[in-house]
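The values are calculated or read from the model by the stated rules, or taken from the named source; none is laboratory data. Since this is a predicted model, take the numbers as computed values, not measurements. Here the Cβ positions follow ideal geometry from the backbone for every residue, glycine too, while neighbour counts run over all protein chains shown. Calculation scope for accessible area: heavy atoms of the full protein, side chains included, ligands and nucleic acids excluded. Shrake-Rupley method; radii C 1.70, N 1.55, O 1.52, S 1.80 Å.
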Amino acid sequence: MTTQHSAVATVPASDSGSRTGWWRDAVIYQVYPRSFADANGDGMGDLEGVRDRLPYLRDLGVDAVWLSPFYASPQADAGYDVSDYRLVDPMFGDLADAERLVADAHRLGLRVIVDIVPNHASSEHPWFRQALREGPGSPLRGRFHFRPGKGESGELPPNDWESIFGGPAWTRTVNPDGTPGEWYLHLFAPEQPDFDWDNRAVADEFRSILRMWLDLGVDGFRIDVAHGLVKAAGLPDLGVHDQLRLLGNEVLPFFDQDGVHEIYRDWRRILDEYGTDPRTRRIAVAEAWTPTVLRTARYLRPDELHQAFNFQYLGTAWDAEALREVVGLTLDAMRPVGAPATWVLSNHDVVRHLTRLGSGVDREQDLRRARAATLLMLALPGSAYVYQGEELGLPEVLDLPDAVRQDPAFTRAKGGGSEGGGSEGGEAEGQEGMRDGCRVPLPWSGTEAPYGFGPVAGGPSWLPQPAEWAKLSVEAQTGDRNSTLELYRGALAVRREHPALGGGDSVDWDDAPAGVLAFRRTAADGVFGCTVNTTTETVRIPAPGRLLLASGPVTVAATAGIAGAFGTAGAGEWVDLPGDTTVWWDC
Ligand code: GLC
């Protein structure tokens, strides 16, 4: 299989002056509704819980909130199996709660992006249930991928595709008369049948769903599995096993097919119907696992989507050379299409970046590195995604008992299927199929679990929180100038204020010793500098300006003396940049 690099439509140079828009430099905070805040005390987060905490997000300094799915769902994949796209699942509240949440967010100056899951439905979706009831030949079967099996009596799956969660991507049905029937395709769990996007009813239905949520007031969509909707004609075999390995490395017959772009051109027209004022524009961000950032840029051509997650960045090790390369490749790929780069370190599918980038030996050192990684991410031009709890320095919970885990990839792996997966391109190294560890409910306050996640001390939480999280709660960290929460607050405040931070499409690299990154960003009315030491040893470098913010204690030698972690002392002649530390400078 080859990687195709087709030409990318570019933005005319004359257009570059109009590259404004709220999403171009937005910091977007991912709320995982199950685990953010539980207003009704049932142990499961809900929309009222999110609404209650919107002032916290405003004060944190983010621009927008992305909510993972809260739609009606049997929760076979934590809500990424939707049975009714127009309803809120009762466990999260109801439509009136959603409306209130959006209205309150807007009053606070926050935008709201909701997840949309167009690749697959829940097997409890009325279309799928009826398709099963009606049997082979039912027109409703044309909305999914039903196929007869191979072999003498259809006992073999129609092709060799493997599910992202392990095992075959096909499940055999039982006919209404009880005999073994056709098979249906599910790239994820069997409870998530894939839609057939060649079917007009599917496309029409999603147009209508988009409009319903846009009418309710949402500012945009995060498109789940945006790369998966179109399958290669004839559903050809791959001819290899262990297909998970290929995810994100190759164009597969079920991923990143050219046909998906027609769908997003269509969706863009719908979004544009709601206005094109750059301050209020409705946007869409693709969760697209592609082999290269160049392929990702194809989703961001001027008539397609506004942003895509940068999984290449998320998957990059804490290594100066590798980081510099991926930053350069990203900016180079985005510039021709005029789309903002995005940066992300953590989400609900991968091991939290504190644990993923860390050594696992020394928690303090892991935290130092995570904080340094965050300041690097927030210094880069474009938009950044923050996953709930990373602002508290939460680690991955690695020791959840099997009995409480709900990730279907985990169950599939345990059940003796093939290796479990379920993370982008296999980034969740060492913990495949164990995505529950980054989904543990947030600690807000108090000394007893669920630490303010729910209203009552000693009350339930759907996953148990580690006892050490009491000291990581929002309450415990607020006002402690060395806490990770205050670092995020400080960084987001500086990011808003400094003229050379936020949007943009390039950085100027400075020479730096091995293992150190140094770059500048220049605006008409200011120059910003960032230095990052990815090694574990202190490195002495010239101080490029006045220290704005540091991810940890730093010594700046200057006539004025020493600056502390959050100090604002005058320009130094040199700085001793400790290992795993990032410093922001006003140059
Ligand atoms: C996306 C989601 C993930 C989900 C999968 C299937 O990758 O982020 O959580 O399991 O899609 O919907």
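For HIS241 paired with ASP272, estimate the spin-label separation in nm (one decimal), with each label point 7 Å from Cα along the Cα-to-Cβ line. For HIS241 paired with ASP272, the spin-label model returns 4.9 nm. Placing pseudo-labels 7 Å out from each Cα toward the beta carbon at ALA201 and ASN249 gives an inter-label distance of 4.0 nm.
Computed with a 1.4 Å probe over protein heavy atoms only, the accessible area of ASP319 comes to about 70 Å². Across all directions, the average projected area of the convex hull around the alpha carbons of the stretch 72-128 is 4.2 nm². For GLU475 and THR536, what is the calculated FRET efficiency with R₀ set at 41 Å and r taken between the beta-carbons, to the nearest 0.05? For GLU475 and THR536, the calculated efficiency is 0.80. Each of ARG86 and ARG279 was given a label point 7 Å from its Cα along the Cα-to-Cβ line. The distance between the two points is 3.4 nm.
Can you check what the Kirkwood hydrodynamic radius comes to for the stretch 189-248, Cα pairs only, in Å to one decimal? Show your work: numbers first, answer last.
Values: mean 1/r = 0.0694 Å⁻¹.
Value: 14.4 Å, from the Cα pair sum.
Full extension of the chain between LEU398 and LYS150 gives 85.2 nm of extra length, using 0.36 nm per residue less the Cα-Cα distance. In degrees from 0 to 90, rounded to the nearest 10, what is the angle of the helix 95-107 Cα long axis to the longest principal axis of the chain? Result, in degrees: 20. Label zone (GLU573, point 7 Å along Cα-to-C-beta; backbone nitrogen cut-off 19 Å) within the stretch 506-543: 539-543. For the chain, how big is the tail of P(r) above 38 Å, as a whole percent of Cα pairs? Cα-Cα pairs in the chain separated by more than 38 Å: 29 percent.
For every helix of n ≥ 4 consecutive DSSP H residues, a contribution of -39,500 (n - 2.57) applies; sum these over the chain, divide by its total residues, and give [θ] at 222 nm rounded to the nearest 500 deg cm²/dmol.
Details: 15 runs with 141 residues, N = 587.
About -7000 deg cm²/dmol.
Can you find, among ASN310, CYS530, ALA372, the residue farthest towards the positive end of the dipole of the chain? Put +1 on the C-beta of Lys and Arg, -1 on that of Asp and Glu. My answer, from the dipole projection, is CYS530. Based on the Kirkwood radius over alpha-carbon pairs, what value in µm²/s does the Stokes-Einstein equation return for the translational diffusion coefficient of the stretch 314-372 at 37 °C and 0.692 mPa s? This corresponds to a translational diffusion coefficient of 256 µm²/s. Rounded, prolate or oblate: which one fits the stretch 236-365, using the alpha carbon gyration tensor with axes a ≥ b ≥ c (rounded when a/c is under 1.5, else prolate when a/b beats b/c, else oblate)? Cα axes put the stretch 236-365 in the oblate bin.
Scanning the chain for trypsin sites (Lys or Arg not before Pro) that sit in a DSSP loop and have at most 15 other Cβ atoms within 10 Å, the longest stretch containing none of them is 20-278.
Pull out the extension gain between ASP511 and ASP258, defined as 0.36 nm times the separation in residues minus the alpha carbon to alpha carbon distance; nm, one decimal. Write out the running numbers ahead of the final one.
On the way: separation 253, 0.36 × 253 = 91.08 nm, distance 4.03 nm.
Fully extending the segment from ASP511 to ASP258 adds 87.0 nm.
Each 10 Å bin from zero up to the one holding the largest Cα-Cα distance in the stretch 21-121 carries the following percent of pairs: 16, 49, 29, 5.
Within the chain, the longest run free of exposed loop sites, counting GluC sites (Glu not before Pro) that sit outside DSSP helix and strand states (H, G, I, E, B) and have at most 13 other Cβ atoms within 10 Å, spans 156-428.
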